[in-house]
Amino acid sequence: MQLVAFRALLVLVTASLLVGACSKEPALSPPDPQDLVLVKKVTASYLEADATMVRPDQPIFYQDVAYYSQVRGQTVYRYDAQRRLTYVENRNPDRPDYTYEWGDVSLDYADNQLIYTNRRVSPLSPVTYKLNSQGYTTTYNTYDQDGYMTFRQDGPNATVKQTIVDGNITQRIEQNTVGRKTTTYAYDLTKIGLPDPEKALWGRPSRNLIVNKTEVDESFSGVASGWPDRRVTTYSYTFDALGRPDSQTALTESSLSSSAMRVGRELRISAFSYQ
């Protein structure tokens with residue numbers, strides 16, 4: 001009975017998020033994403049239903065398309081008195097006893113250094129990173145004067161380059177010897193962006209709220225891939241009384257560039273809680 005009741009509650013919460021995505025949001029917003037202290041994020045993932053799926057559960061509908069539930073993930077964040085991230089906990093909220101491959105990470109700060117410890121690894125092996133005057137890790141990363149990461153050396157032949165325009169990351173290019181992935185972003189310039197606590201030590205987040213992301217994969221082998229190499233994600237939101245995004249609906253459509261044929265859709269619905 002408890003499991004049935006929980007599933008019913010999950011359906012109600014999901015439905016309220018889908019309906020609320022079309023609601024009018026308040027005009028009030030904090031001045032900067034870094035002023036938002038995100039303490040919990042819960043994300044439910046769904047795949048578009050097709051003729052090959054035989055499922056006992058009922059699908060949800062978004063934009064008249066049926067989707068089946070895949071998995072839910074919950075992330076909890078903790079901070080110190082200076083609002084620096086100190087702890088990240090990942091769990092499957094539907095299976096609290098199942099912790100394999102779900103991690104706990106602690107972060108400590110001392111003498112302009114970050115000590116990163118993965119609590120799921122035994123024996124514990126803390127890794128130390130140097131921090132610059134802006135509080136960001138200098139290992140492998142280069143920043144502009146405003147604290148946005150513009151370049152990272154990911155390995156001997158792997159790099160990440162980011163283009164920043166008016167406080168927003170508009171393009172990201174990840175490249176290695178095998179291929180290149182180019183991601184472009186579009187924003188609602190009237191809304192403040194979302195914080196990303198797990199990336200907070202790797203530069204400032206985009207100032208405004210993301211509404212579209214396009215990812216294109218290129219292979220240097222010259223052989224066409226049978227996997228989707230183009231993904232377009234469209235985002236919509238609901239807002240709390242303070243103008244903070246309290247839910248995000250992300251619809252990703254994947255396709256093959258060579259044929260412009262759509263391969264599938266994935267839906268992710270996230271709920272946010274703030275300090």
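The values are calculated or read from the model by the stated rules, or taken from the named source; none is laboratory data. Computed from a prediction, not measured in an experiment: that's the story for all the values here. Ideal geometry is used to build each Cβ from the backbone, glycine not excepted, and the neighbour counts take in all protein chains shown. SASA here: full protein model, heavy atoms, side chains in, ligands and nucleic acids out. Shrake-Rupley method; radii C 1.70, N 1.55, O 1.52, S 1.80 Å.
Given the structure, is Glu218 touching a Gly at 6+ places or on another chain (Cβ under 7 Å) and either crowded, with 16+ Cβ neighbours inside 10 Å or part of a strand (DSSP E or B) (or both)?
Details: touching a Gly at 6+ places or on another chain (Cβ under 7 Å): yes; either crowded, with 16+ Cβ neighbours inside 10 Å or part of a strand (DSSP E or B) (or both): yes.
The answer is yes for Glu218.
For the range 102-209, give me every one of the strands (runs of 3 or more DSSP E) that falls completely inside it and has 1 or more residues that are buried (at least 17 other Cβ atoms within 10 Å of the Cβ) and of a type outside the set (Phe, Trp, Tyr). Step through it out loud before you land on a result.
On the way: elements: 104-109, 113-118, 127-130, 141-143, 149-155, 158-165, 168-175, 179-192.
Filter on the range 102-209 gives 104-109, 113-118, 141-143, 149-155, 158-165, 168-175, 179-192.
Among what's in the range 30-41 and is open to solvent by 30 Å² or more (accessible area, probe 1.4 Å) and not in a loop (DSSP other than H, G, I, E, B), pick the residue that is modelled with the lowest pLDDT. If you could, list the steps in order and put the result at the bottom.
Going through the range 30-41, the residues open to solvent by 30 Å² or more (accessible area, probe 1.4 Å) turn out to be 31-32, 34-35, 39-41.
Filter once more, so that each one left must be not in a loop (DSSP other than H, G, I, E, B): 34-35, 39-41.
Details: Gln34: 81, Asp35: 84, Val39: 96, Lys40: 96, Lys41: 96.
The qualifying residue modelled with the lowest pLDDT is Gln34.
Identify the residue in the range 156-175 that is polar (S, T, N, Q) and at pLDDT 95 or above and, among all such residues, is nearest to Glu218 (Cα to Cα).
The first filter runs over the range 156-175 and keeps only residues polar (S, T, N, Q), leaving 157, 159, 162-163, 168, 170-171, 175.
Subset that is at pLDDT 95 or above: 159, 162-163, 168, 170-171, 175.
Values: Thr159: 15, Gln162: 17, Thr163: 19, Asn168: 24, Thr170: 19, Gln171: 15, Gln175: 9 Å.
Going through the qualifying residues, I end up with Gln175.
Of the numbered conditions (1) at pLDDT below 90; (2) buried (at least 16 other Cβ atoms within 10 Å of the Cβ), Tyr68 fails exactly one; give the number of that condition.
(1)
Hey, does the range 229-239 have a residue that's open to solvent by 40 Å² or more (accessible area, probe 1.4 Å) and outside any strand (DSSP E or B)?
no
What residue, among those in the range 240-275 that are open to solvent by 40 Å² or more (accessible area, probe 1.4 Å) and not in a strand (DSSP E or B), is nearest to Ser45 (Cα to Cα)? Give the steps one after another, and end with the answer.
Our first condition is that a residue be open to solvent by 40 Å² or more (accessible area, probe 1.4 Å); within the range 240-275, this holds for 241-242, 244, 246, 253, 257-263, 265-266, 268, 273, 275.
If we keep only those that are not in a strand (DSSP E or B) too, we end up with 241-242, 244, 257-260, 275.
Working: Ala241: 26, Leu242: 27, Arg244: 22, Ser257: 25, Ser258: 27, Ser259: 27, Ala260: 25, Gln275: 25 Å.
Across the range 240-275, the extreme among qualifying residues is Arg244.
Within the range 85-101, does at least one residue satisfy the condition of being closer than 24 Å to Leu209 by Cα, within 23 Å of the chain's Cα centre (by Cα) and modelled with pLDDT of 90 or more? Can you show your working first?
In the first step, residues of the range 85-101 are kept if they are closer than 24 Å to Leu209 by Cα; the result is 85, 88.
Then drop every residue that is not within 23 Å of the chain's Cα centre (by Cα), which leaves 85, 88.
Next cut, modelled with pLDDT of 90 or more only: 85, 88.
There is at least one residue in the range 85-101 that is closer than 24 Å to Leu209 by Cα, within 23 Å of the chain's Cα centre (by Cα) and modelled with pLDDT of 90 or more.
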